[in-house]
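Visitor: Please find one structure pasted underneath; my questions will follow.
The values are calculated or read from the model by the stated rules, or taken from the named source; none is laboratory data. Since the structure is predicted, the reported quantities are computational estimates derived from the model, not experimental observations. Virtual Cβ from ideal backbone geometry, glycine too; neighbours counted across all protein chains shown.
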Amino acid sequence: MDRSAALLLACSLGLTTAAAAVVAPGLAAPALAAPYAPVRWNTGAAVWTTSPEAMETFINSGDITDRGLEGGLNRSGWTSQQVREGLSKTYAVSLIGLSRFLYSDKGVSFLDQQTRSYVPYATLKAQSVEALRSAIVADAADGQISAAGILTNLPVDFRLADLSAQPPLDGAQNVWPQGGCQGERQCTSWLSWAVFLPANLQAISQGNR
């Protein structure tokens, strides 16, 4: 596909300029900043940040160098090895099909559900849909996605918010598919959600959801 055709296709999806640059090969795109924190564990006034480096170290070697990540693994309902393998597993997707869905009304509703408590650190739910969608589309540019890739492409720091004064931010995530998890931890924890998200997106891109 040449540059003009790719641009027309991106525009037909109603993508933003930045997203269109991802979909349309050869288009100029803004320089990428350093990776943002994939998760800042937030309970009430307490916040513990897991850095991109700590997450990368865990995925690459299995070493846990971060207290927040260690706690998240203990609460995930899975072994650390299962989480590590799940975060790095790649899934083939149709970028166009996935982008079309994510920019549709159904896609916006899906993204809102998927950011139940996992939200941008500064703006909370106000920009959660746009921020997660941006990371997904950026990671899917080569036709493959993974949980690790999505987290690496986040445009801002994200927090897992347990803020009882601001419902629905209760620290729980909507893990899909429910049939693939057992017990409260597996079906609500952030790491379990992250592991299942790419498989969910693959099914969407293939029209199976």
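Visitor: Of all residues in the range 154-168, how many are crowded, with 21+ Cβ neighbours inside 10 Å and under 23 Å from Ile96 (Cβ atoms)?
Guide: 1
Visitor: Here's a follow-up. Any residue at all in the range 90-107 that is touching a helix residue (DSSP H, G or I) at 6+ places or on another chain (Cβ under 9 Å), in contact (Cβ under 8 Å) with a residue 60 or more places away in the chain and closer than 15 Å to Trp190 by Cβ?
Guide: no
Visitor: While we're on this one: Identify the single condition in (1) in a helix (DSSP H, G or I); (2) modelled with pLDDT under 90 that Val83 does not satisfy, given that it satisfies every other one.
Guide: Among (1) in a helix (DSSP H, G or I); (2) modelled with pLDDT under 90, Val83 violates only (2).
Visitor: Which members of the range 159-185 meet the condition of being within 19 Å of Ser88 (Cβ to Cβ) and under 18 Å from the mean Cα position of the chain (by Cα)?
Guide: Answer for the range 159-185, where residues must be within 19 Å of Ser88 (Cβ to Cβ) and under 18 Å from the mean Cα position of the chain (by Cα): just Val175.
Visitor: Is there a residue being in contact (Cβ under 8 Å) with a residue 60 or more places away in the chain, part of a loop (DSSP other than H, G, I, E, B) and touching a Pro at 6+ places or on another chain (Cβ under 9 Å) anywhere in the range 157-170?
Guide: Scanning the range 157-170 turns up at least one residue that is in contact (Cβ under 8 Å) with a residue 60 or more places away in the chain, part of a loop (DSSP other than H, G, I, E, B) and touching a Pro at 6+ places or on another chain (Cβ under 9 Å).
Visitor: Which condition breaks for Ile64 when tested against (1) in a helix (DSSP H, G or I); (2) touching a helix residue (DSSP H, G or I) at 6+ places or on another chain (Cβ under 9 Å); (3) in contact (Cβ under 8 Å) with a residue 12 or more places away in the chain?
Guide: Only one criterion in (1) in a helix (DSSP H, G or I); (2) touching a helix residue (DSSP H, G or I) at 6+ places or on another chain (Cβ under 9 Å); (3) in contact (Cβ under 8 Å) with a residue 12 or more places away in the chain is unmet by Ile64, namely (1).
Visitor: Moving on to the next point. Looking at the structure I just gave you, is Leu124 of a type in the set (A, V, I, L, M, F, W, C), within 17 Å of Leu98 (Cβ to Cβ) and surrounded by 16 or more Cβ atoms within 10 Å (Cβ to Cβ)?
Guide: No; evaluated as a whole, the condition is false for this residue.
Visitor: Could I ask something else about it? If you check Ser134, Ser76, which single one turns out to be part of a helix (DSSP H, G or I) and either crowded, with 19+ Cβ neighbours inside 10 Å or out of contact with any Gly (no Cβ under 7 Å at 6 or more places or on another chain) (or both)?
Guide: Checking each option against the conditions leaves just Ser134.
Visitor: Which condition from (1) touching a helix residue (DSSP H, G or I) at 6+ places or on another chain (Cβ under 8 Å); (2) touching a residue at least 24 places away in the same chain (Cβ under 8 Å) is the one that Ala122 breaks?
Guide: Every listed condition holds for Ala122 apart from (1).
Visitor: Ok, one more. Which residues, taken from the range 137-151, are out of contact with any Leu (no Cβ under 9 Å at 6 or more places or on another chain) and either at pLDDT below 95 or not in a helix (DSSP H, G or I) (or both)?
Guide: Selection gives Gln144 alone.
Visitor: For the range 33-58, how many residues meet the condition of being farther than 23 Å from Gly171 by Cβ and not in a loop (DSSP other than H, G, I, E, B)?
Guide: 3
Visitor: What about Arg185, is it in the same structural domain as Ser51 (by TED's automatic domain parsing), in contact with a helix residue (DSSP H, G or I) (Cβ under 8 Å, 6 or more places away or on another chain), surrounded by fewer than 21 Cβ atoms within 10 Å (Cβ to Cβ) and of a type in the set (Lys, Arg)?
Guide: Answer is yes for this residue.
Visitor: Please verify whether the range 162-174 includes one or more residues that are more than 19 Å from Thr50 (Cβ to Cβ) and among the hydrophobic types (A, V, I, L, M, F, W, C).
Guide: yes
Visitor: Can you pull out every residue in the range 141-157 that is closer than 19 Å to Glu56 by Cα and aliphatic (A, V, I, L, M)?
Guide: Ile145, Ala147, Ala148, Ile150, Leu151, Leu154, Val156
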